[in-house]
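> Once you've had a glance at the structure underneath, I'll fire off some questions.
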Amino acid sequence: MALAPVYQFQELPEGLELVAPFGRFRVLSGIAVGRCCEVYEGEDCLQGECVAVKVFRRHQQYQGALQRELFFLKSLAATGAPLVRHIGELQWRGRDILVQELLGPTLRDVLLSYDHQPCSPWLVTTLTTHLLRGLQHLHDKGVVHGDLKPPNILWDADLATFKLIDFGVSFTTSEELTHAVQSKGYQAPECVVWSKAVAEDNLESAEKPGTAADVWSAGCIVAECMINRQLFPAGSQCEDVPGDLHSAITSVKTNFPPKYLEECYKFLLRCIQLCPEDRKGVRQLLEDPWLQRCPRPSFHDLLHLPTCVVRFMALTDPHPYPPLAYEMENMVVSLCGRQGAVQGHHLEPSLGHLYVCFHSARKAETALDQLSGVPFMGHTLVATFYPPEYWMRREFF
């Protein structure tokens, strides 16, 4: 079998410095490619922080996507909104460039890390909650995302939350829509009809999609996290939604508690209905009993989703007053301090685990990479990330 060719990034040379009124940025390496753009990792030369540099290809047909992206990034910006943060825009040799905060991994990356196995209950519930909060922010402003899919949902390690990106086909509920929306595999039935009408230049034959189209996509994404495959692969029919959902949920019944699966099935039926009017709004979905459960993240989650807190496991034996605990704690914290600024630390004697909170998730990632597996006083350091909300509540496991 021939290997797929490695994509060659072409729009920006590595090492290029981009100068703008809002800063100076160095292009490091390509990290993603889309239909109309390439995305590079970059560095803020003044702040020393990493950024995402999104460059649009030089073609008139991509101007609409660029203008929509810019408009919605600015109009939807708000403190605490679970959307990618826009830093600024500039041009270089006729190319339009957007500078944004650097996020990752994508939800697609997370699903791949599970190697075709269902995600943990914590990940499914957390992703669903964050996704719905993002949609609530959009829908309250009359905006439809229009292209929800795993590659467009990214993890923000500093805030430990999933965020939405890519507003190139987004639209408002009040505007006159003229372009196709949503990607195959996550496309609501009404969007299939609409996109066909756009292709045939016959918009009068179809009804414009609304916010319910995003709810369909969200339901498909949640189901995919449960079964780790697309619920409705591109080209498949979705005529028997309850039957398809029941079959999918039943296929993973050994991985989840029965009550959890039952509530999840009911939740998904509230999202995935053939008729848009039968789907619930995001506010109602956020109040669903299934989302009120609070499972803990799995060991796998704590290895693959970076945060600003690192947990060193079994640093000491569980004991109310473990010998040499103070010395061992200070030594490991000192090692961590060489990787980046430490904001706080705590040794939980009943577990023997040490928790270290860094100033940024990137420094925490560096510390975990450098220190995990290192021999230490007759032990080997074993480290994972740790949820910041548990750290803030002083709840340790």
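> Going through L274, L285 one at a time, which residue ends up being more than 20 Å from T126 (Cβ to Cβ), touching a residue at least 60 places away in the same chain (Cβ under 8 Å) and not aromatic (F, W, Y)? I'd like the intermediate steps shown before the answer.
Details: L285 fails: more than 20 Å from T126 (Cβ to Cβ).
That would be L274, the only listed residue that is more than 20 Å from T126 (Cβ to Cβ), touching a residue at least 60 places away in the same chain (Cβ under 8 Å) and not aromatic (F, W, Y).
> Take the range 17-45 and flag every residue that is assigned to a loop (DSSP other than H, G, I, E, B), modelled with pLDDT of 95 or more and among the hydrophobic types (A, V, I, L, M, F, W, C).
From the range 17-45, those assigned to a loop (DSSP other than H, G, I, E, B) are 21-22, 34-36, 45; that's our starting set.
Next, only the ones that are modelled with pLDDT of 95 or more stay: 21-22, 45.
Those that are assigned to a loop (DSSP other than H, G, I, E, B), modelled with pLDDT of 95 or more and among the hydrophobic types (A, V, I, L, M, F, W, C): F22, C45.
> Still on this model: Look at the range 184-205 and say how many of its residues are closer than 22 Å to Q61 by Cβ and surrounded by 18 or more Cβ atoms within 10 Å (Cβ to Cβ).
Selection size over the range 184-205: 4.
> Condition first: touching a helix residue (DSSP H, G or I) at 6+ places or on another chain (Cβ under 7 Å) and closer than 19 Å to S170 by Cβ. Can you find one or more residues in the range 118-128 that meet it? First the steps, then the outcome.
Step one: filter the range 118-128 for residues touching a helix residue (DSSP H, G or I) at 6+ places or on another chain (Cβ under 7 Å), giving 118-125, 127-128.
Filter again for closer than 19 Å to S170 by Cβ, leaving none.
Within the range 118-128, none of the residues are touching a helix residue (DSSP H, G or I) at 6+ places or on another chain (Cβ under 7 Å) and closer than 19 Å to S170 by Cβ.
> Look through L132, L127 and report the one residue that is in contact with a strand residue (DSSP E or B) (Cβ under 6 Å, 6 or more places away or on another chain), farther than 25 Å from V53 by Cα and in a helix (DSSP H, G or I). Give the steps one after another, and end with the answer.
Numbers: L132 fails: in contact with a strand residue (DSSP E or B) (Cβ under 6 Å, 6 or more places away or on another chain).
Going through L132, L127 in turn, just one is in contact with a strand residue (DSSP E or B) (Cβ under 6 Å, 6 or more places away or on another chain), farther than 25 Å from V53 by Cα and in a helix (DSSP H, G or I): L127.
> How many residues does the range 164-188 hold that are hydroxyl-bearing (S, T, Y) and in contact with a Phe, Trp or Tyr (Cβ under 6 Å, 6 or more places away or on another chain)? Give the derivation first.
Initially, the range 164-188 is screened for residues hydroxyl-bearing (S, T, Y), giving 170, 172-174, 178, 183, 186.
Narrowing the set further to residues that are in contact with a Phe, Trp or Tyr (Cβ under 6 Å, 6 or more places away or on another chain) leaves 170.
Number satisfying all stated conditions: 1.
> OK, next. Filter the range 79-97 down to the residues that are within 20 Å of W155 (Cβ to Cβ) and not charged (D, E, K, R), then identify the one that is surrounded by the fewest Cβ atoms within 10 Å (Cβ to Cβ). Break it down into steps so the answer makes sense when it comes.
Residues of the range 79-97 that are within 20 Å of W155 (Cβ to Cβ), as a first pass: 79-87.
Still in the running and not charged (D, E, K, R): 79-84, 86-87.
Numbers: T79: 4, G80: 9, A81: 16, P82: 22, L83: 19, V84: 24, H86: 19, I87: 19.
Filtering the range 79-97 for residues that are within 20 Å of W155 (Cβ to Cβ) and not charged (D, E, K, R), the one surrounded by the fewest Cβ atoms within 10 Å (Cβ to Cβ) comes out as T79.
> Also, quick follow-up: Taking the range 93-124 only, how many residues are part of a helix (DSSP H, G or I) and not polar (S, T, N, Q)? Don't jump to the end; show me each part of the working.
Residues of the range 93-124 that are part of a helix (DSSP H, G or I), as a first pass: 107-113, 121-124.
Restricting the remaining residues to those that are not polar (S, T, N, Q) gives 107-112, 121-124.
Number satisfying all stated conditions: 10.
> If V144 satisfies every condition in (1) buried (at least 24 other Cβ atoms within 10 Å of the Cβ); (2) touching a Pro at 6+ places or on another chain (Cβ under 9 Å); (3) under 30 Å from S298 (Cα atoms); (4) aliphatic (A, V, I, L, M) but one, which is the exception?
Tallying (1) buried (at least 24 other Cβ atoms within 10 Å of the Cβ); (2) touching a Pro at 6+ places or on another chain (Cβ under 9 Å); (3) under 30 Å from S298 (Cα atoms); (4) aliphatic (A, V, I, L, M), V144 fails exactly one: (3).
> Hey, another quick one. Helices (runs of 4 or more DSSP H) wholly in the range 238-338 with at least 3 residues that are in contact with a Ser or Thr (Cβ under 6 Å, 6 or more places away or on another chain) - which ones?
299-304
> Sticking with this one: When you go through (1) surrounded by fewer than 17 Cβ atoms within 10 Å (Cβ to Cβ); (2) not in a helix (DSSP H, G or I) one by one for Q61, which number turns out not to apply?
Only one criterion is unmet by Q61, namely (2).
> Of all residues in the range 140-190, which are assigned to a loop (DSSP other than H, G, I, E, B) and acidic (D, E)? Show your work before the answer.
To start, the set of residues in the range 140-190 that are assigned to a loop (DSSP other than H, G, I, E, B) comprises 141-142, 145-149, 157-160, 165-170, 173-188.
Once the filter is applied, which keeps residues that are assigned to a loop (DSSP other than H, G, I, E, B) and acidic (D, E), the range 140-190 yields D147, D158, D166, E175, E176.
The values are calculated or read from the model by the stated rules, or taken from the named source; none is laboratory data. Everything quoted here is computed from the prediction, not taken from an experiment. Here the Cβ is made from the backbone with ideal geometry for all residues, glycine too, and neighbour counts use every protein chain on show.
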